[in-house]
1. Could you tell me which residue of region 2-31 is nearest to Tyr140 (Cα to Cα), considering only residues that are acidic (Asp, Glu) and surrounded by 16 or more Cβ atoms within 10 Å (Cβ to Cβ)?
2. Restricting to region 72-117, and then to whatever is within 14 Å of the ligand (Cβ to nearest atom) and more than 26 Å from Leu148 (Cα to Cα), can you tell me which residue is surrounded by the fewest Cβ atoms within 10 Å (Cβ to Cβ)?
3. Quick test for you: out of Glu32, Glu40, pick the one residue that is among the charged types (D, E, K, R), more than 16 Å from the ligand (Cβ to nearest atom), in a loop (DSSP other than H, G, I, E, B) and under 24 Å from Pro11 (Cα atoms).
4. Identify the residue in region 47-71 that is in a helix (DSSP H, G or I) and more than 9 Å from the ligand (Cβ to nearest atom) and, among all such residues, is nearest to the chain's Cα centre (by Cα).
5. Go through region 63-101 and count every residue that is touching a helix residue (DSSP H, G or I) at 6+ places or on another chain (Cβ under 6 Å) and basic (Lys, Arg).
6. Six or more apart or on different chains, Cβ under 8 Å: which pairs go from a residue in region 141-161 that's among the charged types (D, E, K, R) to one that's modelled with pLDDT under 95 and in a helix (DSSP H, G or I)? Could you list them?
Amino acid sequence: MLRKIAEANFPSRFGHFRIYGFEGQYGDATEECVVLTMGELAGGDPPLLRIHSQCLTGDVFHSLRCDCRSQLELSLNLIAEESRGIVIYEHQEGRGIGLLNKLRAYELQDEGLDTVEANERLGFEADLRSYAMPADILRYLGVKSVRLLSNNPDKIAALERAGIEVAERIPCVVAPHESSQGYLHTKKQKMGHLL
Ligand SMILES: [Zn+2]
């Protein structure tokens, strides 16, 4: 089901990684993941793992509607500090609902709905992710147990259901001013600086 399409060297400002492209058939869908790895992964202590769902608005445009980018950068920094770890970057925007539907959800949130309500209004479950593909990728890399970088305890059960042991969960805590709660306040502050 899982196929490695490419593997190459990947120097970045966080450090030197290997980059992989994986493709897999899961249910009706063909899924793609980009994977960054650092260090020897098979055997030894459970490595750090971040499973990151693509967020164009956060990862590329530095959105303050979410803290995806901060969590990704924190993960890359922590992995670089240990010279060992894995980022699985799922090419499925907005927790699987797709980029334009995510923007529609933002529109509904501007009208007062929360994330879950907005997704339900659009006919999506709150979180469409399953960890079948990440688990297959970890098995491909020879990793049976991980230290999961996540703020969401539900992810532990989801990953263990897919056959990967979670030895520890490490919260991805980011600075409060970068959280969505601080969005309007921060925006005003930033505009203040500009003026
Ligand atoms: Zn995001």
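The values are calculated or read from the model by the stated rules, or taken from the named source; none is laboratory data. Everything quoted here is computed from the prediction, not taken from an experiment. So basically every Cβ, Gly included, is an ideal-geometry build from the backbone, and we count neighbours across all protein chains shown.
1. Narrowing region 2-31 to residues acidic (Asp, Glu): 7, 23, 28, 31.
From what's left, surrounded by 16 or more Cβ atoms within 10 Å (Cβ to Cβ): 23, 31.
Numbers: Glu23: 12, Glu31: 16 Å.
So, considering only residues that are acidic (Asp, Glu) and surrounded by 16 or more Cβ atoms within 10 Å (Cβ to Cβ), the one nearest to Tyr140 (Cα to Cα) is Glu23.
2. Leu103
3. Values: Glu32 fails: in a loop (DSSP other than H, G, I, E, B).
Checking each option against the conditions leaves just Glu40.
4. Step one: of region 47-71, the residues in a helix (DSSP H, G or I) are 56-60, 68-71.
Now drop any that are not more than 9 Å from the ligand (Cβ to nearest atom), which leaves 60, 70.
Values: Val60: 13, Ser70: 11 Å.
Among those residues, the one meeting the criterion is Ser70.
5. Number of matching residues: 2.
6. none
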